[in-house]
């Protein structure tokens, strides 16, 4: 019998119980402009202002949670 694993690239949802929860105020307070971030935006590059990544492993699952905030440079 062959084991099949269904891969899910990502989904947008509230964090699981094992992941920290960040509210809008905490997120906006964490995002700060800098000389480097301004230069990246001026050059048309995406810039990650915030990254909170958590890996969770138990006897029954391996999961990853990521909260990210990027620039929106789409025309």
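The values are calculated or read from the model by the stated rules, or taken from the named source; none is laboratory data. A quick note: this is a predicted structure, and the numbers were derived from the prediction, not measured. We place every Cβ from the backbone using ideal geometry, glycine too, and count neighbours over all the protein chains shown.
At a glance:
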read-out: Complete set of residues in the stretch 31-75 that are in a helix (DSSP H, G or I), exposed (fewer than 13 other Cβ atoms within 10 Å of the Cβ) and at pLDDT below 90; value: 38, 42
read-out: Per-region count, the stretch 6-18, residues surrounded by 10 or more Cβ atoms within 10 Å (Cβ to Cβ) and either over 20 Å from residue 48 (Cα atoms) or free of Cβ contacts under 8 Å to residues at least 40 places away in the same chain (or both); value: 2
